[in-house]
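The values are calculated or read from the model by the stated rules, or taken from the named source; none is laboratory data. This is a predicted model, so every value here is computed, not measured. Note: ideal-geometry Cβ built from the backbone for every residue, glycine included; neighbour counts use all protein chains shown. We work out accessible area using only protein heavy atoms, side chains counted, and drop any ligands, DNA or RNA first. Shrake-Rupley method; radii C 1.70, N 1.55, O 1.52, S 1.80 Å.
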Amino acid sequence: MFEIVSDYVKEKLIKEKHIPYIDILVKKSHKTVYRYMDGFEYQPTGKEILYLYSCTKPITAVCAMRLLQEKKMSLEDDVSLYLPEYEHVFLLDNNRNRITPKTRMKIKHLLTMTAGLTYERETEAIKRVLKETDGSATTRQMVAAFAETPLAFEPGSRFLYSLCLDVLGAVIEVVSGKSFADYVAETVLNPLAMQNSGFDEKIFNDAITNCYTYKSDVYEPENLFHLMKLSKRYESGGGGLIGTVEDYSEFADTLACNGISRQGYKLLDDESIDLMTVNQVGKLSIDNKFTCIQGDDYGYGYGVRTRIKESPCGVPCGEFGWDGAAGSYVLIDRKNHISITIGMNLLDWPNVFRGEHGAIVERIYQSVLTK
């Protein structure tokens, strides 16, 4: 039955749209049930190392949930309890005067993208810190600089896709007593045997697959660079992970199987995953135009989209995941123990690929649920 997936990708995406590279891996209950790799004038090996960008966010969220589960921090904790610079975050009134927010910024606001932060990465504060450190600012130093920019709104009053998960990465450093990358490795990457994933670009530089940009009907290879590598030592909780589809599928499969990996490692308790995947933003408007998901079928949980309406093809309520700036994508379905991991390396993918993640998912579900 998976022929409908392979045929669609080959005919519509490779032959017609000339997608440079795509890797699709589907698991059900710890077993690979489908794998398809293809590319226009390029044959993938399955070992390609990709910029996963915002697919980092679910991993950061899981790390935070582990610390919450272990009662090392609380959703209601003020961010300033761990990052003192955030004691002084501020808004601007209509006259551009600094005012103190009425609501304290809390851990739950970081997890739900409701903290009032933005995705501005070229502020004067950031430029100053980079100059002072000769481009070698630590994660904590960079995140401290974020606090010098006015908040866009009162914490908790709006949803805005932003640097919230980057700030959460710095919180994780403080709570765990380890660098963010070390904590991620200790908690997620090493126990799940994700040996080809990490935050240090130098380790993978020779193996990273070409990243393309779609411009004027042409796919142009980009020089290797990382959009979220704000400094030489910066580890981005929102978009810093580099890795393979095979590795990331281990993480997705573990969550799809209620937090238990194929090796028997308990990554997260059921209760924590339940909490993570409930729509946490209520009636706040969510702008989904920047993601591969369109419409009102999704809310936002803790660091992930979460489906609030079953799809016609059988994707259930409670399915969750996210996507990345270079086209990577993850779907996690605990009801059916299904995970889907898609890897690309295509910046500006919405210009040519918008809606295609959903089309692939629909055909996968038509196949896997009828086997």
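Table for the structure above
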quantity: Options Trp322, Trp349; residue that is open to solvent by less than 20 Å² (accessible area, probe 1.4 Å) and at pLDDT below 90; calculated: Trp349
quantity: Residue selected from segment 218-252 under the condition out of contact with any Ser or Thr (no Cβ under 7 Å at 6 or more places or on another chain), surrounded by fewer than 24 Cβ atoms within 10 Å (Cβ to Cβ) and hydrophobic (A, V, I, L, M, F, W, C), by the criterion nearest to Trp322 (Cα to Cα); calculated: Leu227
quantity: Verdict on Asp166 being acidic (Asp, Glu), open to solvent by less than 20 Å² (accessible area, probe 1.4 Å) and modelled with pLDDT of 95 or more; calculated: yes
quantity: Number of the exception - Pro191 against (1) open to solvent by 20 Å² or more (accessible area, probe 1.4 Å); (2) over 19 Å from the mean Cα position of the chain (by Cα); (3) more than 24 Å from Ile49 (Cβ to Cβ); calculated: (3)
quantity: Some residue of segment 327-345 being farther than 21 Å from Glu16 by Cβ and small (Gly, Ala, Ser); calculated: yes
quantity: Filtered residues of segment 124-154 (kept if assigned to a helix (DSSP H, G or I), open to solvent by less than 40 Å² (accessible area, probe 1.4 Å) and over 23 Å from Pro58 (Cα atoms)); calculated: Ala125, Ile126, Val129, Ala145
quantity: Matching residues in segment 22-63 - criterion: being open to solvent by 10 Å² or more (accessible area, probe 1.4 Å), out of contact with any strand residue (DSSP E or B) (no Cβ under 8 Å at 6 or more places or on another chain) and among the hydroxyl-bearing types (Ser, Thr, Tyr); calculated: Ser29, Tyr42
quantity: Only listed residue being crowded, with 18+ Cβ neighbours inside 10 Å and either farther than 17 Å from Val62 by Cα or of a type in the set (Gly, Ala, Ser) (or both), chosen from Ser179, Ser157; calculated: Ser179
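Rundown of residues vs (1) out of contact with any Pro (no Cβ under 6 Å at 6 or more places or on another chain); (2) hydrophobic (A, V, I, L, M, F, W, C); (3) in a strand (DSSP E or B), yes/no style:
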| site | (1), (2), (3) |
| --- | --- |
| Gly282 | yes, no, no |
| Ser285 | yes, no, no |
| Val315 | yes, yes, no |
| Leu331 | yes, yes, yes |
| Gln366 | yes, no, no |
